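Notes follow once the structure below has been shown.
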Amino acid sequence: MTKLLLAGAAALALLPAPALAQDAAPDQAAAPPADDSSPDQGSMKGMNMSGMDMKGMKGMDMSGMDMSGQGSGTSRLPPNEKMGGTMLGLGGQTMLMLSGYVWPIYTDQTGPRGDDKVYAQSMGMAMLTAPFTGGKVTLNSMMSLEPAMKHDGYPLLYATGEEAKGQPLVDRQHPHDLFMELSGRLDLDIANKTTAFLYGGPVAEPALGPSAFMHRASAKYNPEAPITHHWFDSTHISYGVVTAGVSAPKWQFEASAFRGQEPDEFRWNIETPRLDSWSVRATFAPSPAWLLQASHGHIHAPEAAHPTEDENRTTISAQYNNGSGLSAMAAFSVKDRVPGRNFSAWLGEVNWDLTRRHTLFGRIENVDNDELFPNPADPLHDVAFRVTKLQAGYAYRLPLGPANLALGGTAAAFLKPDALDAAYGKSPMGYTVFAKLSLGD
Ligand SMILES: [Cu+2]
């Protein structure tokens with residue numbers, strides 16, 4: 001995927017700048033400029049044409065390929081939310097969108113349970129869209145080189161979920177798998193702007209939770225995964241997914257069958273797909289700025305360490321994007337362990353592009369977690385603690401042609417019960433500095 005990103009960037013770098021927009025639509029290059037009342041212009045709004053000559057795009061027929069408001073998997077974002085990327089026309093109306101990032105980070109998580117590390121997050125996405133009369137086919141691939149960061153990922157206080165060396169990961173965030181998504185989607189028009197769709201693949205995302213954090217504008221410069229990842233969006237890499245739904249501009253209903261077990265610690269391979277879990281999701285976009293989501297799923301034996309425990313997960317979320325640099329999300333989740341009890345979590349997240357250069361962002365999370373002491377001999381084993389994480393960050397952005405470089409850092413503090421002082425210290429902190437190079441926004 002780094003390769004993909006570089007290849008995309010290199011391909012663009014080889015083109016003379018004025019040809020860029022034309023390259024995005026070779027068949028329309030010679031088309032006469034359309035008048036400003038072109039009905040297709042609305043669909044351009046959602047696309048990030050950074051560095052491109054918008055005038056050259058006006059004549060394009062963008063019907064069937066409005067990417068605004070699309071999140072990860074089949075999830076949706078506020079219609080105002082742009083999907084960053086570079087479009088390449090492949091003839092006819094077939095388009096290839098490339099986007100991705102390489103994100104070197106240094107983190108220092110303090111206190112007895114902290115650690116520091118230099119690591120890199122990465123992702124490369126390629127999306128092929130081929131409209132036809134009466135519908136559209138979309139193929140998605142998303143890859144990451146994060147498996148190179150070793151099984152135990154990166155230090156992140158109070159994060160839990162998945163395993164390394166056969167042990168549950170605690171105070172660390174797992175790396176993502178090489179194949180984050182390999183999926184296809186078929187949309188068939190059933191009414192004006194309304195489609196019935198079928199989506200799925202060996203690696204895909206079921207209809208559960210809000211769009212995964214790496215696809216939300218509200219988290220685009222936040223280098224830390226949410227410590228509530230396993231309450232909201234941890235199913236975003238599932239081995240085996242089939243989803244059917246109906247999608248309209250303002251609403252979407254869908255249901256999925258998928259494999260409940262989380263990815264194992266060997267992250268270069270594709271694990272055996274199964275369909276042993278299910279979920280349903282309803283999505284509503286009352287206006288271009290808002291996206292509301294509610295979902296519920298039954299996850300069969302998600303954790304390898306607890307093969308006899310299932311999980312019922314219910315999430316609701318509200319996302320906001322004003323279309324001019326301010327995006328936010330508020331979300332609430334209840335994890336009902338079967339057998340077991342409920343564990344709830346909530347999250348608030350914001351990203352504010354103050355100017356073209358300066359961005360402020362932050363996240364607040366609160367989670368009830370009983371996995372902080374995995375050793376059965378520990379007196380605090382299986383005891384639940386409610387922890388709040390408060391995090392703020394800043395990014396300085398440098399546009400580099402079709403790419404963007406963001407330099408920044410974050411600081412995080414925690415509110416926790418005194419009973420955790422012995423293990424974590426009185427006031428542990430989490431710091432990061434980073435440089436995010438992205439194709440697209
Ligand atoms: Cu993840």
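Summing +1 for each Lys or Arg and -1 for each Asp or Glu, what net charge is found among the other residues whose Cβ lies under 12 Å from the Cβ of TYR396?
Local net charge: +3.
Say the dipole of the range 269-317 comes from +1 at the beta carbon of Lys and Arg and -1 at that of Asp and Glu; which of GLY297, SER317, SER279 then lies farthest toward its positive end?
My answer, from the dipole projection, is SER317.
Testing the spin-label approximation: label points 7 Å from Cα along Cα→Cβ at VAL338 and LEU398. State their distance in nm.
5.3 nm
Could you put ILE227, ILE105, ILE190, ILE237 in order, starting from the residue whose Cβ has the fewest other Cβ atoms within 10 Å?
Ordered from fewest to most neighbouring Cβ atoms within 10 Å, ILE227, ILE105, ILE190, ILE237 come out as ILE190, ILE105, ILE237, ILE227.
Where Lys and Arg each count +1 and Asp and Glu each count -1, what net charge lies around GLN319 among other residues with Cβ under 10 Å from its Cβ?
0
In what sequence do VAL118, VAL387 fall when counting other Cβ within 10 Å, fewest first?
So the residues, fewest neighbours to most, are VAL118, VAL387.
Across every pair of different alpha-carbon atoms, what Kirkwood hydrodynamic radius in Å does the range 294-352 reach?
13.1 Å
Structure shown: which of LYS82/LYS250; LYS165/LYS220; LYS117/LYS335 lie over 23 Å apart, alpha-carbon to alpha-carbon?
In this structure, LYS165/LYS220; LYS117/LYS335 lie more than 23 Å apart at Cα.
Which value, in debye to the nearest 20, gives the size of the charge dipole of the range 214-343 about its Cα centre, when Lys and Arg are +1 and Asp and Glu are -1 at the Cβ?
500 debye
Using 7 Å Cα-to-Cβ label points, what is the HIS381/HIS358 separation (nm, one decimal)?
About 5.2 nm separates the two model spin labels.
None of the figures in this text is laboratory data; all of them are computed from the coordinates on show. These figures come from a predicted structure and were not determined experimentally. Cβ atoms come from the backbone with ideal geometry, glycine included; neighbour counts cover every protein chain shown.
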